[in-house]
Amino acid sequence: MPDTSSKAGVNPDGTIDRARAKRMLNPFDRYALQKALEIKRDSGAEVTCVAMGPPPAVEVLIEAFEHGADYGILLTDKRLAASDTLATAYALHKVVHYLGDFDVILTGLQTTDGDTAQVGPQIAERLNIPQITYCEHLSISDRILNGQRIVEGGNQEIEVHLPVLITVANSATPLDYKRFADVAAVKEFLRHPEERDKRIRTVSLDTIGANPNRTGLLGSPTVVGKTWKIGDVGGSCIVFKGESIEREVDELMERLRTDGRGVEELINA
Amino acid sequence: MPNPHNVAVVAEQFHGSLQQITSELIGAARFLSEKLGTGVSCFLLGHEITQLAERLVHQGADEVIVIDAPQLKEYATLTYRRAVIGILEHLGTPPQIVLMGSTTIGRDLAPRIAAYLETGLTADCTEFDIGDYEHKGKADPSKTGNFKNILYAIRPSFGESLKARILGPWKNPQMATARIGVVQALPLDTSRKGKIYNISVNFKQEDLRIKVLKTVRDVSVSVNLTEAKVIVSGGYGLGEPEGFEVVRDLASVFKNSVVGASRRAVDSNWIGYAHQVGQTGKTVRPDIYIALGISGAIQHRVGMANSKLIIAVNKDADAPILKFAHYGIVGDLYQVAPLLKKALIKMAKQKY
Ligand SMILES: Cc1cc2nc3c(=O)[nH]c(=O)nc-3n(C[C@H](O)[C@H](O)[C@H](O)COP(=O)(O)OP(=O)(O)OC[C@H]3O[C@@H](n4cnc5c(N)ncnc54)[C@H](O)[C@@H]3O)c2cc1C
Ligand SMILES: Nc1ncnc2c1ncn2[C@@H]1O[C@H](COP(=O)(O)O)[C@@H](O)[C@H]1O
């Protein structure tokens, strides 16, 4: 569930920049991890996190442990490079098969770089299980899950039998940036190879029995043909902040007066 | 027999009324189909919705394939999945292109259909075109080729800073979802004639695994968000419903202005859904958009990022909106808004 496609936290030489590595958990996946931990709290379930990415992605799993996750699987294999959503979902569903039994799969809504929101439903399709996307709230009892999902102008209440795949809305409860599990305990088990291997398994396509022709470039039905920069959307905000609000407003007005956007034309005088 | 070579659109309706995205998708499909020299087919799914088929023709469809079944009364992933697969099986040959909306339905359904068909899907497109593509395939020689008349699915990526053209030349249908409010619908033509086919599908037990208990949707009459020149929006940062007085007050200094809101403000029942801007609200592009106490979540951003001038007021200097607005003021909106109002009036007076 944690996303690892983000480059933040990895130095050019491939080593991990510890200070920045914390950001590697895809922000959208923080909501999914939070939901998983809530389910664990309410039902005693075990939480296993799956990350697909290069070896440094293990940092994401460690971050998840520090929040209270139990097990982690890192799928890493050069042949996964350049997987699109279909190929990613193929690989991840193979990990699920490899793990065996499960009741609920939670994914983030989307990734920040790809933001397709496709991988979750495509895993569900391959596993032939129901899904609830854009889920904000859920409760489980007697192997029935009740979920509330966002729709245009409102919400929808849905009932399904387990197993099910949930994509968690970013308007659900966010994961606290503070760690609530015992960080020291995580550090401790990482020092013991045996314990570490029990908690973190690193697997390749061969380990999980995935067909390499269905992953990476070969398994991806789409390709990025061309990219280009767009206008001035993003990154160019002029922010006024200082000791006094009056000054900030004055500075903004000075800009508006001189930037030629014609704001004054739209004011009732 | 419907024409399998048409560009296909999966229509979206809610309790018998067609959604805005559908006419936009038909507009895009017409543009593509004219370049390909073919027509436009709409898939219409639901219960007691056959009467909508003619309207789809007026919106620009040449053919409408309808599945009308009680199982389709409420949208649920697996029944609608079965219905779309049913239509595709009925067509035999897969259409070249299938378009859906980038809505909470389209983004739920399209990836499942694409995975079922093992075909490519591009999410959240803002433009479409037809063109050629040559794949050199150094690492994947088996995919090398020169492809003609391929769908160009164009979408923003990396936080809206880039646009990317995505292609899936190897397999049909080439699938894509389109963002709301970015592709042009055609003017309604009530004299258009088209063919309507009713087909049926057998639902399996496994298709009925999702039970929709309740759908709550506010379909109140719309505020004129899309035509206003100025929108002043309030978010959860207002802290209380009365906060919208401040929003209204600031809006009142502008000609042709309306009040907008974030989903969180709407969900808190501070203001009606008709005011909501964003992915599940309205897509707007006014001359001026002022955001008061709105963090700038991606779903809000997609609804207003194309405004000509964005001014944000937020007390948190790290709020995402202060990255993509044009101007931002860091501060308490309850202090800033009244000062801003006074200063704007003064500026206009000085001009005359
Ligand atoms: C499928 C889906 C669809 C969605 N559709 C939409 C949609 O259409 N539109 C939409 O808006 N959202 C939508 N959302 C929700 C979206 O993800 C955010 O939750 C929402 O936009 C947040 O609203 P907000 O910015 O008002 O609230 P918050 O994120 O809580 O932000 C409040 C902001 O106010 C600031 N603030 C607090 N007090 C003050 C003060 N006194 N002065 C100044 N600033 C202050 C805070 O710093 C903060 O940045 C959708 C979510 C999903 C999952
Ligand atoms: N490489 C990956 N490893 C683990 N989970 C992933 C990966 N890529 C995508 N996901 C999951 O799928 C969700 C949707 O991603 P996307 O479809 O890329 O927007 C993410 O929020 C993750 O939960």
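The values are calculated or read from the model by the stated rules, or taken from the named source; none is laboratory data. Remember, it's a predicted structure, so these values are computed and weren't measured experimentally. Here the Cβ is made from the backbone with ideal geometry for all residues, glycine too, and neighbour counts use every protein chain on show. Ligands, DNA and RNA are stripped out before the accessible areas are found, and what is left, the full protein with its side chains, is counted by its heavy atoms. Shrake-Rupley method; radii C 1.70, N 1.55, O 1.52, S 1.80 Å.
You will find that of B:Lys308, B:Lys255, B:Lys349, B:Lys315, the residue that is of a type in the set (Lys, Arg), under 17 Å from B:Glu227 (Cα atoms) and over 21 Å from the mean Cα position of the chain (by Cα) is B:Lys255 and no other.
With a requirement of 2 or more residues that are under 30 Å from B:Asn256 (Cα atoms) and either open to solvent by 50 Å² or more (accessible area, probe 1.4 Å) or within 9 Å of chain B (Cβ to nearest Cβ) (or both), the strands (runs of 3 or more DSSP E) lying completely within segment A:168-269 that satisfy it span A:238-240.
For segment B:226-269, taking the residues that are of a type in the set (Ser, Thr, Tyr) and more than 13 Å from ligand 1 (Cβ to nearest atom), the one that is least open to solvent (accessible area, probe 1.4 Å) is identified as B:Ser257.
Yes/no per residue for (1) in contact (Cβ under 8 Å) with a residue 40 or more places away in the chain; (2) within 24 Å of the chain's Cα centre (by Cα):
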{"site": "A:Val160", "(1), (2)": "no, yes"}
{"site": "A:Ser171", "(1), (2)": "no, yes"}
{"site": "A:Gly209", "(1), (2)": "yes, no"}
{"site": "A:Gly216", "(1), (2)": "yes, yes"}
{"site": "A:Glu251", "(1), (2)": "no, no"}
{"site": "A:Ile267", "(1), (2)": "no, no"}
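Check segment A:59-66 and report whether any residue there is of a type in the set (Phe, Trp, Tyr) and surrounded by fewer than 23 Cβ atoms within 10 Å (Cβ to Cβ). For segment A:59-66, residues of a type in the set (Phe, Trp, Tyr) and surrounded by fewer than 23 Cβ atoms within 10 Å (Cβ to Cβ): absent. Note on segment A:38-57: among residues that are in a helix (DSSP H, G or I) and without any contact (Cβ under 8 Å) to a residue 60 or more places away in the chain, the one that is most open to solvent (accessible area, probe 1.4 Å) is A:Arg41. Note on segment A:82-163: enclosed strands (runs of 3 or more DSSP E) holding 1 or more residues that are open to solvent by 10 Å² or more (accessible area, probe 1.4 Å) and more than 9 Å from chain B (Cβ to nearest Cβ) are A:104-108, A:131-141, A:144-151. One residue alone among B:Leu91, B:Leu45, B:Leu72, B:Leu109 is modelled with pLDDT of 95 or more and over 17 Å from B:Phe203 (Cα atoms), and that residue is B:Leu91. List the pairs whose first member sits in segment B:309-334 and is on the phi < 0 side of the Ramachandran plot, whose second member is small (Gly, Ala, Ser) and within 16 Å of ligand 2 (Cβ to nearest atom), and whose Cβ atoms are under 8 Å apart, counting only residues at least 6 apart or on separate chains? From segment B:309-334, the pairs are B:Pro320/B:Ala297. Taken over segment B:169-183, residues that are of a type in the set (Lys, Arg) and either touching a Gly at 6+ places or on another chain (Cβ under 8 Å) or within 9 Å of chain A (Cβ to nearest Cβ) (or both) amount to 1. Taking the criterion of being open to solvent by less than 80 Å² (accessible area, probe 1.4 Å) and more than 7 Å from every other protein chain (Cβ to nearest Cβ), the residues of segment B:206-221 that qualify are B:Glu206, B:Asp207, B:Ser220. Report whether or not B:Phe203 is surrounded by 14 or more Cβ atoms within 10 Å (Cβ to Cβ), more than 11 Å from every other protein chain (Cβ to nearest Cβ) and assigned to a loop (DSSP other than H, G, I, E, B). Taking the combined requirement at face value, the residue satisfies it. Based on what the data block shows, is B:Ile166 in a loop (DSSP other than H, G, I, E, B), open to solvent by 20 Å² or more (accessible area, probe 1.4 Å), in contact with a Gly (Cβ under 9 Å, 6 or more places away or on another chain) and hydrophobic (A, V, I, L, M, F, W, C)? No, not satisfied. The numbered conditions (1) modelled with pLDDT of 95 or more; (2) under 28 Å from B:Gln20 (Cβ atoms); (3) within 8 Å of chain A (Cβ to nearest Cβ) are all true for B:Glu160 except (1).
The residues of segment A:87-118 that are more than 16 Å from ligand 1 (Cβ to nearest atom) and hydrophobic (A, V, I, L, M, F, W, C), listed by number, are A:Ala87, A:Ala89, A:Ala91, A:Leu92, A:Val95, A:Val96, A:Leu99, A:Phe102, A:Val104, A:Ile105. Among the residues of segment B:56-84, those identified as free of Cβ contacts under 8 Å to residues at least 40 places away in the same chain and either among the β-branched types (Val, Ile, Thr) or touching a strand residue (DSSP E or B) at 6+ places or on another chain (Cβ under 8 Å) (or both) are B:Leu72, B:Lys73, B:Tyr80.
Kindly evaluate B:Gln299 against the criterion of being within 16 Å of ligand 2 (Cβ to nearest atom) and of a type outside the set (A, V, I, L, M). In short, yes.
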